[in-house]
1. If you take the Cα atoms of the stretch B:150-252, find Rg, then find the Kirkwood Rh from the mean of 1/r over all pairs, what is Rg/Rh?
2. In whole percent, what relative contact order does the stretch B:152-213 give with Cα contacts below 8 Å and a gap of six or more residues?
3. For chain B, what is the charge dipole size about the Cα centre, in debye to the nearest 20, if Lys and Arg each add +1 at the Cβ and Asp and Glu each add -1 at the Cβ?
4. Along the charge dipole of the stretch B:206-291, Cβ charges K/R +1 and D/E -1, which of B:Phe263, B:Ser279, B:Phe217 sits furthest on the positive end?
5. Along the stretch C:141-149, what does the Karplus equation 6.51 cos²θ - 1.76 cosθ + 1.60 (θ = phi - 60°) give for ³J(HN,Hα), rounded to whole Hz, x for Gly and Pro?
6. Gaussian network model of chain B, Cα springs within a sub-10 Å range: biggest mean-square fluctuation belongs to which of B:Glu177, B:Glu242, B:Glu303?
7. What FRET efficiency, computed as 1/(1 + (r/R0)^6) with R0 = 22 Å and r the Cβ-Cβ distance, is obtained for A:His204 and A:Glu128, rounded to the nearest 0.05?
8. Spin-label point model (7 Å from Cα, Cβ direction): what's the C:Asp274 to C:Ala166 distance in nm?
Amino acid sequence: MSFLSRLAVKSSGFSCIRRMSVYPQHYAEPVVQKNKQIEQKSELAKLHHVPIKAAVNKASDTVFHDDTKEKMVNYITKKGNSALARSLLSKTMELIKRTQTEHMNLAKGDDKDKINTNAETLLKQAVENCRPLLQVTAIKRGGVNYQVPVPITTKRSYFLAMKWLLEAAREKERKVSLPEKLAWEILDAAHGQGRVVKRKDDLHRQCESNRAYAHYRWS
Amino acid sequence: MSTGLTRVWERLPLKKQAAQSGIRVFSQQQPEIEDEEEFRVLNLRTVKQQFQRRREVRRDPVTPPRTNRMAVDQDWTAAWPAPRSFHPASVPLPLRQGFTERGAAAPSKFANAELMKIPNFLHLTPPAIRQQCEAIKKFCSPWPKGLETEAKWQRHFPVEVITTDYLQSLPTIRNLEARRVTISLKLSDLKFDAHARDKFLRLVGDRYNKDTDTVTFVTDRCPLRKQNYDYAMYLLTACYHESFVTEPWEASKSEADMEVYLFERNQSKIAAEGILNWSAKEGDNKISPPPAYAQCVEQLINEGENEYNLAKYKEEVKKMLNV
Amino acid sequence: MKMIRNRFGNLSRVSVQLQRHVQQMATSAAVAPAEGATINEFRTAVANPGEHSALQLAKFYTIPAEQKKQIFTGGGLPKQYELQIKTFTEACLMVRNPALELLEYIKGADLTKPVVRYVLYGENGTGKTLTMAHVLHYGALNDFLLVHVPWAPNWMKRPKEASNAAGQEGMIDLPFDAAAWLVHFKNQNGKLLQRLQLKTGKEYVWSKRESTPAGSPLLELVEHGIARIKYASETTAALISELKQLSTAGQCKVMVAIDGFNAFFHPITRIFSDNKQRVTPDRITLTQPFLDITNYDWTNGVCILSVDKIAMTEGYMDSYMPRYLLGQAGFEHLDPFVPVHVDNYTDKEFHSYINYYLDRHWINKTPQGFEEQLKFMSNKNPYSLMQLVRAL
């Protein structure tokens, strides 16, 4: 979908688009992580004579860096206080790891290897499990608003998944801290359970039942 | 209307012709006028026709510089006896001074403001100084024996007295600053015991410079230099003798008033002795803490803590306590 | 600093909630190296600190659960470390140089001489408390009566309750803290006290009706303090003076361990007196006995004290050196003492710790060079390392 839409934009002509980026369109995205550079060696070789955008401030090639985590930090941030957001997420990760590690150390035999203690993969798993495929949008036809199922881009599906996770985590009592609740939600979602996965399923079900209105999207 | 026009036309027969033929007529007519009379110039004021020639200023021919006539072995002190700003014709030196573009030679000494701006010492050449010294020698007494080196004269005259004389072009020859007397001496030249030294330093206050070990008194409160000098010497003497006086209340000097930490005066010594003489009975000889330990405690506190001092302290404590 | 060591309360709720997932978890994560043998190159089977030597340097030994419960129930391990112990389901301590040095001193000490005071000092988070814990474990196993204050500044900074002392004019009592300390003392030494059958040397009169007669067991004294919280402070003072006399008489050995000892010499506390002025530490009744027992005038014991920057308050935290932290009075009180420097990890210790974390599945990301990155970021400081690997 996103590919098609981009094609459409391109064919309609460059002059009408107002791009906000400081970089001209032919600038390539930088690849900061070393292992990715090695992976994409042949593709990067083509970029020898192509200007490349400067790397963003927070991009790094350390153990602590992870793209999903960075995105999550951005979504948690309120009023630009990303330092707080970062510490909240790292606490969340710690809590996830603590519960998992404790279970692993208490488990015996084969169960031991089945428990995943890697908080990052758990987070990724949770986000994957929460990603919706479709979305409904209100379209007015004959004075009636119809909830019409529409496909969404990959990027938006990731955004929705993380947003839902956060919304679920923020819906809590005052006494409970955000990291605690977020850890809870992430662990739930990683195992395909919990409120966020249910919310996704509900949305899918609604899309399925409203499938008859699908043609309103183009007619 | 049309009859009017024709009349005008008839009056100017010549012009009519010309317009018709398209040929200018002025050129034919003008020479005739010139021939008749010369062009007269309107002369409003009577102007003298011939210019008065400017009077030439008679200058003496430039004399060649004096240096040309100077003998090679002349007496320079006679040529340049006193301080004076630079004069190119008097100085037989090929001097050059001043900024030029790259590669060009600097301007020569003639008409060179740069050379005149800077002070010169042409009157203070070594022969000139020698000559003047010779001249005033008859007023001097011989250098005292036994003060040949600096070390010697500093030993015999430890106090340095500094005064300043002023020459000025005021109606008065007095200068207020001339009464000021500064005396200074090394503290090591005075003989003290520990108490007196401490007290002297307290009395002197910031007049003592720790880095150079000098005490400096500056007196200017009396109107005459002599009085100020006497006062400074009095201050020095009084402080010195006062520092040897022990007042009864000085016994109450507490630890907080001490400038340095002394092991002997402190709790540390009592504690160390208590530990070392733990199982000793009454009447036994008391073991006193080793001096190395005392020294490193003093060092730890006086010099301040650092890893080195603390490690040394640890070593000494371990040695003393046998751990 | 203390406030930065924030804790995660209520973790148990999360874990309870998740209990049900544990069984059905399928993981796709990289599995850390399989741990078949319990003894790896970074572990040692020698669990008795008395037998530790340079051979066991930078290796982990495990404190048995019941001993840990006996010694550290009332405190003595940092909060974060307790959490780590709970997560890893084992109480492991690394054998490090300062602890070995202390153990060597203690083993070779002549107990007939007056007590030697050892002062642990070092930067924040280098492991002073854990060094002390290691030595305490040794003391508990070797029949030392432990006089252990887990964190002295707690009394000056956040006491449970402060009231005017009954007997002494202008003094402040901390009855609940004193009682808590007595409970801690009883936990640590209950069995040993029963075995040694120590008796009080004189009669203590608490009030008209209550008194502890001379010759009654020490345990009774402790229990009285716990039961009658009003007299807990006085009981503590009595108990400590009794312990001093008993150990000087040779009936028992005493190990004094006070963490954050410099708090006793801090210029002020956070306790207010009746006229709304801050009280100095020497006007708290609990201070006196502990200063008394760190004096050199008794035998048959050892004193392990730690001085800590975070025991002080803002404005007094410029240096971690003992003379600065103790101040004039503190230094004179302790001099001559043996300073023991607790430093950051050595390369070997650092590597060993990383291995331990890997073994416990605490570090899950192992890209190339991650160890160097952690070493660089943490400056080999134990606490910083702990903080850095939290989210890995």
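Quick note: the coordinates plus some simple rules give every number you see, no bench work behind them. Since the model is a prediction, treat every value here as computed from it, not as a measurement. Note that each Cβ is placed from the backbone with ideal geometry, even for glycine, and that neighbours are counted across all protein chains shown.
1. Rg/Rh: 1.08.
2. Across the stretch B:152-213, relative contact order equals 32 percent.
3. 2320 debye
4. B:Phe217
5. Ordered by residue, 3J(HN,Hα) equals 6, 10, 6, 8, 6, 8, 10, 10, 10 Hz.
6. B:Glu303
7. Efficiency computed from Cβ-Cβ geometry: 0.90.
8. 1.7 nm
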